Amino acid sequence: MTMNRRTLNTALAAAALGGMLPASVLAQKKLVLGFAQVGAESEWRTANTESIKSSAKEAGIELKFSDAQQKQENQIKAIRSYIAQKVDVIAFSPVVESGWETVLREAKAAKIPVVLTDRSVNTKDDTLYVTFMGSDFVEEGRKAGRWLVEKMKDQKGEVNIVELQGTVGSAPAIDRKKGFEEIIKADPKFKIIRSQTGDFTRAKGKEVMEAFLKADGKKINVLFAHNDDMAIGAIQAIEEAGMKPAKDITIISIDGVKGAFEAMIAGKLNVSVECSPLLGPQLMQAVKDIKAGKPLPKRIVTEEGIFPMEVAAKEFPNRKY
Ligand code: AHR
């Protein structure tokens, strides 16, 4: 007779209750977590995946992991397969904000709790997930904006900004833009003259920056990139155009990955706002708490800082991703 894992667990529990199994056998029963990752688009994402895999191992949780290659349909397929496999908990970082209601209802109907990590979904029904853990992306955008306003406070005349947005429709792209604009709109000298997606990748960041430089060249004073990888790609484009990154063009980005620190130490990036990918330990704790019936807050916010180039060399040895 074949038994799926949930049936087996129920049988083990019943046997234990009837005194047929020692508690030590039950203790070996592993929780199973199905995790649907966005992809491997950035240094940040690689660190996030590594954090989830290593924390699952440490916590003794069996991890079923899938990489959606930045495609929502692949994430939906993965979630459906976790439902079919009757995992204990499903977690995922939604590639975009909308379009999740149907599959989340399927998980709810199957009584499988869902945890959102890193990115949230746009739904009116917040009973479709247990908790959302991750950064406050609007605040990250505000931090970037505040840094710029302070840096340029004595600058007379227009400040022309180009923006490299993250993946279209993703929470970090929507929220970082919103937070940044909220701050810079207080002074009309700040103008976003071009804004386009670079899909959070180095290659796209470089390609779009090349187009910005072709169109506006020396008119560009500032680049706001929604992540470090796009900024690093754009730095290459700026150098190839014969300009000096972080001098001719002030560059602000988000994540705080090691690659950004290296760029700051080399004097090519002005500032990186921190966004921590190290969500694995918190996620594993949440999985255990959910299965133990402990209530969790609906929102768990990650604490983060901001690193200008002046502190990069000193901070570099402390960086974990
Ligand atoms: O959702 C977090 C964002 O996704 C990071 O800023 C970016 O680098 C990643 O790909």
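Derivation of every value follows stated rules applied to the coordinates shown; laboratory data play no part. These numbers come from a predicted model, not from an experiment. A quick note on method: Cβ atoms are made from the backbone with ideal geometry, for glycine too, and the neighbour counts reach across all protein chains shown.
Over the Cα atoms of the stretch 221-299, what Rg and Dmax result, in angstrom?
Considering the stretch 221-299 through its Cα atoms, Rg and Dmax are 18.2, 60 Å.
Where nothing but the Cβ of Lys and Arg (+1) and of Asp and Glu (-1) is charged, how large is the charge dipole of the chain around its Cα centre, in debye to the nearest 20?
740
Please sort by residue number the trypsin sites (Lys or Arg not before Pro) in the stretch 171-213 whose DSSP state is loop and whose Cβ has at most 11 other Cβ atoms within 10 Å.
Here the sparse-neighbourhood loop sites are 185.
Check the straight Cα-Cα distances from residue 320 and name the aspartates and glutamates below 14 Å, setting aside those fewer than 8 residues away within the same chain.
43, 50, 255, 262, 274, 304
Starting from the Cα of residue 291, draw a straight line to each of the aspartates and glutamates and keep only those under 17 Å, dropping any in the same chain fewer than 8 residues away.
Result set, ordered by chain and number: 62, 88.
Using +1 on the beta carbon of Lys and Arg, -1 on that of Asp and Glu, and nothing else charged, what's the dipole of the stretch 137-275 about the Cα centre, debye to 20?
My answer is approximately 400 debye.
For the chain, what is the calculated [θ] at 222 nm in deg cm²/dmol (nearest 500), taking -39500 (n - 2.57) for each run of four or more DSSP H residues and dividing by its residue count?
On the way: 12 runs with 138 residues, N = 321.
After summing the helix terms and dividing by residue count, I get -13000 deg cm²/dmol.
Determine by what factor the alpha-carbon radius of gyration of the chain differs from 2.2 N^0.38 Å, reporting the quotient.
Cα-based Rg divided by the globular estimate yields 1.13.
Restricting to DSSP loop positions (anything but H, G, I, E, B) with no more than 15 other Cβ atoms inside 10 Å of their own Cβ, which GluC sites (Glu not before Pro) remain in the stretch 106-180?
Listed in order of number, the matching sites are 158.
Just going by the charge dipole of the chain, with Lys and Arg at +1 and Asp and Glu at -1 on Cβ, which of 221, 197, 246 is farthest out on the positive end?
The residue sitting most towards the positive pole is 197.
How high is the FRET efficiency between residue 321 and residue 158 when r is their beta carbon distance and R₀ equals 41 Å, given to the nearest 0.05?
Details: r = 36 Å, r/R0 = 0.89.
Efficiency, from the Cβ-Cβ distance: 0.65.
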